[in-house]
Ligand SMILES: NC(=O)c1ccc[n+]([C@@H]2O[C@H](COP(=O)([O-])OP(=O)(O)OC[C@H]3O[C@@H](n4cnc5c(N)ncnc54)[C@H](OP(=O)(O)O)[C@@H]3O)[C@@H](O)[C@H]2O)c1
């Protein structure tokens, strides 16, 4: 049966290829991006009657507007793939004084997902893009009080999304399913070219695992779990994501920041 699937950051890289993969299977894919021009190109590439939603996820007002726009069009969502992400950015701080990596990779998907909760069924899936690059969160970095290099900010933001995925899964014990996924390391996207100066591995590796996480049977009962596509298996995330004190500190900090930004 055709499913309705929102993919953030589907104008490039893994998100665009996942959109093409799922649309080819007959699913109704809602494309999201920050650039209207890139959204038009992506819609042409994906084909069919694809809907597009423009929102800059480094701006909290636009995150809310995105959730409202999607809810106006759809009573029910089967899947959201929180794929949009950044590693190298300039400037590195938002006008509100937060690190853009935390804003786009951690806070925006948290707020978007919570705003979309009424649209999900018990069987819906929330698929969150984590990474092999995870590092313990320095709360001063999360709060925008301290700046660190690109990879450190990125890795911390990815641990933080891994933590909130686990915590949201515990909160929503009857569903929807919440899963964190490392799509595979050094896949050939612009993020990897810009960040590491390398061509990278076949992007389809990432698109295939996101397809499975979105609609595959193996992920239907996997709420709260972390899938590491470098291993091709469910695995433990970074030890800091399993440390109850760190989890609780990070969750409190995320809730404080999003309350401030709302
Ligand atoms: N590639 C890898 O090896 C790898 C490994 C582990 C995890 N990941 C994760 O996979 C996800 C996809 O990354 P990718 O490698 O495919 O990177 P990418 O090609 O750079 O794609 C990132 C997507 O996010 C969008 N985006 C970035 N900033 C945004 C903002 N402020 N507002 C709205 N959309 C925004 C981009 O829009 P534009 O098209 O306008 O730039 C693009 O559509 C990310 O979460 C990344 O951290 C990737």
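Residues of the stretch 8-30 that are more than 9 Å from the ligand (Cβ to nearest atom) and not in a helix (DSSP H, G or I): 25, 26, 27, 28, 29, 30. Each residue in the stretch 30-58 was checked for being buried (at least 21 other Cβ atoms within 10 Å of the Cβ) and under 17 Å from residue 112 (Cα atoms), and 7 pass. Among residues of the stretch 243-255 that are touching a residue at least 24 places away in the same chain (Cβ under 8 Å), those with a beta-carbon under 8 Å from a residue that is surrounded by 14 or more Cβ atoms within 10 Å (Cβ to Cβ) and not in a helix (DSSP H, G or I) at least six positions away or on a different chain give the pairs 246/136; 246/137; 249/137; 250/137; 253/137; 253/143. Among the residues of the stretch 66-92, those that are without any contact (Cβ under 8 Å) to a residue 12 or more places away in the chain and closer than 16 Å to residue 56 by Cα comprise 90, 91. Tallying residues that are in a loop (DSSP other than H, G, I, E, B) and either surrounded by fewer than 20 Cβ atoms within 10 Å (Cβ to Cβ) or more than 9 Å from the ligand (Cβ to nearest atom) (or both) within the stretch 74-92 yields 8. In the stretch 117-205, counting only helices (runs of 4 or more DSSP H) that sit wholly within it, the ones holding 2 or more residues that are at pLDDT 95 or above and under 28 Å from residue 260 (Cβ atoms) span 139-142, 150-171.
Quick one: would you say residue 223 is within 26 Å of residue 19 (Cα to Cα) and modelled with pLDDT of 95 or more?
Working: within 26 Å of residue 19 (Cα to Cα): yes; modelled with pLDDT of 95 or more: yes.
So residue 223 fits the description; yes.
Restricting attention to the stretch 43-57, does a residue exist that is closer than 25 Å to residue 184 by Cβ and not in a loop (DSSP other than H, G, I, E, B)? Taking every residue of the stretch 43-57 in turn, at least one turns out to be closer than 25 Å to residue 184 by Cβ and not in a loop (DSSP other than H, G, I, E, B).
If we keep just the residues of the stretch 93-114 that are surrounded by fewer than 17 Cβ atoms within 10 Å (Cβ to Cβ) and either touching a residue at least 12 places away in the same chain (Cβ under 8 Å) or closer than 21 Å to residue 213 by Cα (or both), which is farthest from the ligand (Cβ to nearest atom)? Give the steps one after another, and end with the answer.
First pass over the stretch 93-114, keeping only residues surrounded by fewer than 17 Cβ atoms within 10 Å (Cβ to Cβ): 93, 95-97, 114.
Okay, now just the ones that are also either touching a residue at least 12 places away in the same chain (Cβ under 8 Å) or closer than 21 Å to residue 213 by Cα (or both), so 93, 96-97, 114.
Details: 93: 13, 96: 13, 97: 16, 114: 18 Å.
Result: 114.
Take the conditions (1) within 16 Å of the ligand (Cβ to nearest atom); (2) assigned to a helix (DSSP H, G or I); (3) closer than 26 Å to residue 94 by Cα; residue 250 misses just one of them, which is (1). State whether the residues of the stretch 169-177 include one that is surrounded by fewer than 16 Cβ atoms within 10 Å (Cβ to Cβ) and within 17 Å of the chain's Cα centre (by Cα). Checked against the condition, which is being surrounded by fewer than 16 Cβ atoms within 10 Å (Cβ to Cβ) and within 17 Å of the chain's Cα centre (by Cα), the stretch 169-177 yields no hits at all. For the stretch 233-247, a residue qualifies if it is within 19 Å of the chain's Cα centre (by Cα) and part of a loop (DSSP other than H, G, I, E, B), and the qualifying residues are 236, 237, 238.
Counting the residues of the stretch 201-219 that are over 18 Å from the mean Cα position of the chain (by Cα) and crowded, with 20+ Cβ neighbours inside 10 Å gives 0.
The values are calculated or read from the model by the stated rules, or taken from the named source; none is laboratory data. Worth saying up front: this structure is predicted, and the values here are computed from it rather than measured. For neighbour counting, all protein chains shown are included, and Cβ atoms are generated from backbone atoms with ideal geometry for every residue, glycine included.
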